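Undergrad: Have a look at this one.
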Amino acid sequence: MKNKYKEMLIVGMCTALMGQVNFYPFGTDFRITIGVVAFTFLLLYFHTIPIISSSIITGLSVLMLRVGIDIFANSMGLEAAFYKHMPGMMYYITYGIIIEGSSFRKLFEKPIFFIMALTTADILSNIFELLIRNQLNNNSFDAIFSTIMLAAVIRSCLVLALFWIIKYYSLFVTKEEHQKRYKELLILTSKLKSEIFFLKKSMQDIENAMAKSYRIYNTIKESNPMGKEEIEKITADCLNLSIDIHEIKKDYNRIVISMEKLMPTGDIHKTMRISEIFETIGDIFDRYIEVISKDITLSFEMEKNYRIKEYFIIMSILNNLIQNSVEACFRSDSFIKVRCFSHESMLFFAVSDNGKGIGEKERELIFEPGFTTKFNPETGHVSTGLGLTHIKILLEHLEGKIKIDEGIEGITQFVLEIPMDKIVGEVDDND
């Protein structure tokens, strides 16, 4: 309820202030203002506030402001100022009653009826105000009516145009925000899918370890020259180890199932164009580069707009490689270029940058688990060294591979090579 009173006061004050933009068409105290445009627009914007109550508050606000201006700025007496501006207050009250009776808020989706309702309310309210002022006479009625009708039509059209502009701008902003969130969701989903892939791989490794442990248990149990007590102890340990490994596997399985439930039900799309992958990653990294205040130009190129089946894996791989490139860039003319091209039966992705580069010794170890060159001397933070290892494993899942291209001096370039039948769905020749 407090919010409604606050909104009604806002309507009243805004209308009173906008009412100061006016002109006097008949050389009398009667004025035509754009206050009614603000009044009607705000009644549409605050669509839950009562119209008649708002019109009364608005009328009083208009009266008080105009009386106050005449008293303090024009040295007019209180009574004279009141009688001069009281008809203006009655205009807004009458206007509110008429548009409430016409249910003008429900006519918003029918522009012609909406304009007719507002125009009629405006004309009748103006005529009522002129009657109160005793300024309506037969000799000039035609000219007066023409003027107030023209003003009413213009103001009604302004209200409709203004509200449609605001409405569509809001829809545009909302759509952009949804697209932004959608792209962030895609990046997050690609990371989650990669982690699920590694969890499943770990589950398989655990399964193999459990099988080996159980085989050792059976071997020791069936044939071993050791004493009975030693055999029983070792076999018991092996059996317990198998049981423990099995429990770890079950825990991993629960985690995987829980993570998969958090994912969208089925992929958002079965395939995704390369242009869409690049656009999604590009938008995310453009904002990231801006936040960290680095001067980096990120660009994307492609030969054909292939549809990618395993696009979550590709997004995860490119995300990791671009992140590494961003961290490696330090110059004012830094750039990162991502290209996609094909040759025979292979699809290639190349990520290149002109950052600090990779030493010859480091190139031999860079894909080894735990190897890293990233160390922050200020925080003592050391990278896990698993990013490129993960990329390599993900590519092996697609029967692909990754290599460092040393062909261009001053440029570090990672090249991904993937069989097209493992990743490409179809080609959009028109893109």
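Undergrad: Which of the residues belonging to the stretch 133-174 are at pLDDT 75 or above and assigned to a loop (DSSP other than H, G, I, E, B)?
TA: Hits for the stretch 133-174 are Asn134, Gln135.
Undergrad: While we're looking at this one, here's another question. Please verify whether the stretch 100-109 includes one or more residues that are in contact with a helix residue (DSSP H, G or I) (Cβ under 8 Å, 6 or more places away or on another chain), surrounded by 19 or more Cβ atoms within 10 Å (Cβ to Cβ) and not in a helix (DSSP H, G or I).
TA: no
Okay, residues lined up against (1) at pLDDT below 90; (2) assigned to a helix (DSSP H, G or I); (3) crowded, with 20+ Cβ neighbours inside 10 Å; (4) of a type in the set (Ser, Thr, Tyr):
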| site | (1), (2), (3), (4) |
| --- | --- |
| Thr28 | yes, no, no, yes |
| Phe39 | no, yes, yes, no |
| Gly59 | no, yes, yes, no |
| Met64 | no, yes, no, no |
| Met76 | yes, no, no, no |
| Met86 | no, yes, no, no |
| Tyr91 | no, yes, yes, yes |
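Undergrad: While we're on this one: Ala161 versus (1) surrounded by fewer than 16 Cβ atoms within 10 Å (Cβ to Cβ); (2) aliphatic (A, V, I, L, M); (3) in contact (Cβ under 8 Å) with a residue 24 or more places away in the chain: which is the lone unmet condition?
TA: Failed condition: (3).
Undergrad: Residue by residue through the stretch 1-26, note down the ones that are part of a helix (DSSP H, G or I), surrounded by 14 or more Cβ atoms within 10 Å (Cβ to Cβ) and either in contact with a Leu (Cβ under 9 Å, 6 or more places away or on another chain) or modelled with pLDDT under 90 (or both).
TA: Answer for the stretch 1-26, where residues must be part of a helix (DSSP H, G or I), surrounded by 14 or more Cβ atoms within 10 Å (Cβ to Cβ) and either in contact with a Leu (Cβ under 9 Å, 6 or more places away or on another chain) or modelled with pLDDT under 90 (or both): Lys4, Glu7, Ile10, Val11, Gly12, Met13, Cys14, Thr15, Ala16, Leu17, Met18.
The values are calculated or read from the model by the stated rules, or taken from the named source; none is laboratory data. These numbers were taken from a predicted model, which means no experiment stands behind them. With ideal geometry, Cβ positions are generated from the backbone for all residues, glycine too; neighbour counts draw on all protein chains shown.
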